[in-house]
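Enquirer: First the structure, then my questions, so here it is.
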Amino acid sequence: MEMSPQQPFITTKLDEFTKWAQTSAIWPMTMGLACCAIEMMSIVSPRYDTSRFGAEVFRSSPRQSDLMIVSGRVANKMAPILRQLYDQMPDPKWVISMGACASSGGIFDNYAVLPGVDSILPVDVYVPGCPPSPDALIYALMQLRREIAAGGKANVLARG
Ligand code: SF4
């Protein structure tokens with residue numbers, strides 16, 4: 001971004017502006033799937049305070065969200081709904097797979113649970129653990145901010 005000392009306005013590219021906006025204030029969608037969601041919810045509490053990173057505003061609509069945190073196991077029945085919600089989010093959008101169940105099915109090795117949400121969604125950051133701590137999720141958010149700032153879409157493993 002460039003700001004002229006003579007002119008009271010900033011010029012930039014749309015891509016750069018979007019990166020700046022998303023690294024400053026990414027908005028996760030309100031969506032908890034299982035026990036990992038309890039840890040996810042606590043990141044907005046005063047103890048963890050994700051408003052420090054502009055990520056405390058959980059949106060109720062996928063149209064207003066740019067981050068999906070898949071927090072828990074995904075049942076096969078839920079999979080098409082999850083995909084539909086993802087498709088309703090505006091680009092550019094991001095996905096964090098939180099916990100062993102979201103990333104690999106975890107302890108649920110059976111016909112009813114997806115063996116990893118990356119079979120239906122493009123995951124950007126994986127957070128290991130059962131459940132991952134809120135610190136680990138915040139670390140994943142930091143990793144995602146780096147990825148967005150770098151303009152990449154690489155898969156990252158975030159160990160908290
Ligand atoms: S990873 Fe552990 S805490 Fe998270 S949904 Fe699976 S069983 Fe629950």
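Every read-out reported here was derived from the displayed coordinates using simple, explicitly stated rules and does not represent laboratory data. Just so we're clear, the structure is a prediction, and the values are computed from it rather than from any experiment. Neighbour counts run over all protein chains shown; Cβ positions are idealised from the backbone, glycine included.
Enquirer: I'd like to verify a number: residues in region 52-78 that are small (Gly, Ala, Ser) and within 16 Å of the ligand (Cβ to nearest atom), how many? Please lay out each step first, then the result.
Expert: So the first thing to find is which residues in region 52-78 are small (Gly, Ala, Ser), and the list is 54-55, 60-61, 65, 71-72, 75.
Then keep just the ones that are within 16 Å of the ligand (Cβ to nearest atom); that gives 71-72, 75.
The number of residues fulfilling the criteria is 3.
Enquirer: What pairs come out if I take residues in region 32-57 that are within 15 Å of residue 141 (Cβ to Cβ) and pair them with residues that are away from the ligand (no atom under 16 Å from the Cβ) and of a type in the set (Gly, Ala, Ser) whose C-beta lies under 6 Å away, six or more apart or interchain?
Expert: 54/24; 54/25
Enquirer: Can you tell me how many residues in region 31-49 are crowded, with 17+ Cβ neighbours inside 10 Å, within 16 Å of residue 96 (Cα to Cα) and more than 10 Å from the ligand (Cβ to nearest atom)?
Expert: Number of matching residues: 2.
Enquirer: Restricting to region 73-101, give me the number of residues that are in contact with a Cys (Cβ under 7 Å, 6 or more places away or on another chain), within 18 Å of residue 138 (Cβ to Cβ) and of a type in the set (Gly, Ala, Ser).
Expert: The number of residues fulfilling the criteria is 1.
Enquirer: On the given criteria, is residue 111 in contact with a helix residue (DSSP H, G or I) (Cβ under 9 Å, 6 or more places away or on another chain), farther than 17 Å from residue 22 by Cα and of a type in the set (Phe, Trp, Tyr)?
Expert: Spelling it out, it is not the case that residue 111 is in contact with a helix residue (DSSP H, G or I) (Cβ under 9 Å, 6 or more places away or on another chain), farther than 17 Å from residue 22 by Cα and of a type in the set (Phe, Trp, Tyr).
Enquirer: Sort out which residues of region 108-142 are among the β-branched types (Val, Ile, Thr), part of a helix (DSSP H, G or I) and either within 15 Å of the ligand (Cβ to nearest atom) or over 16 Å from the mean Cα position of the chain (by Cα) (or both), and write them in order of number.
Expert: Once the filter is applied, which keeps residues that are among the β-branched types (Val, Ile, Thr), part of a helix (DSSP H, G or I) and either within 15 Å of the ligand (Cβ to nearest atom) or over 16 Å from the mean Cα position of the chain (by Cα) (or both), region 108-142 yields only 117.
Enquirer: List every residue pair whose Cβ atoms sit under 6 Å apart, with the two residues 6 or more apart in sequence or on different chains, where the first one lies in region 79-107 and is more than 10 Å from the ligand (Cβ to nearest atom) and the second, anywhere, is among the acidic types (Asp, Glu).
Expert: Listed by first residue and then by second, the contacts come to 93/66; 94/124; 95/124.
Enquirer: For the subset of region 13-30 comprising residues that are touching a strand residue (DSSP E or B) at 6+ places or on another chain (Cβ under 7 Å) and β-branched (Val, Ile, Thr), which member is surrounded by the fewest Cβ atoms within 10 Å (Cβ to Cβ)?
Expert: Ranking the candidates gives 30 first.
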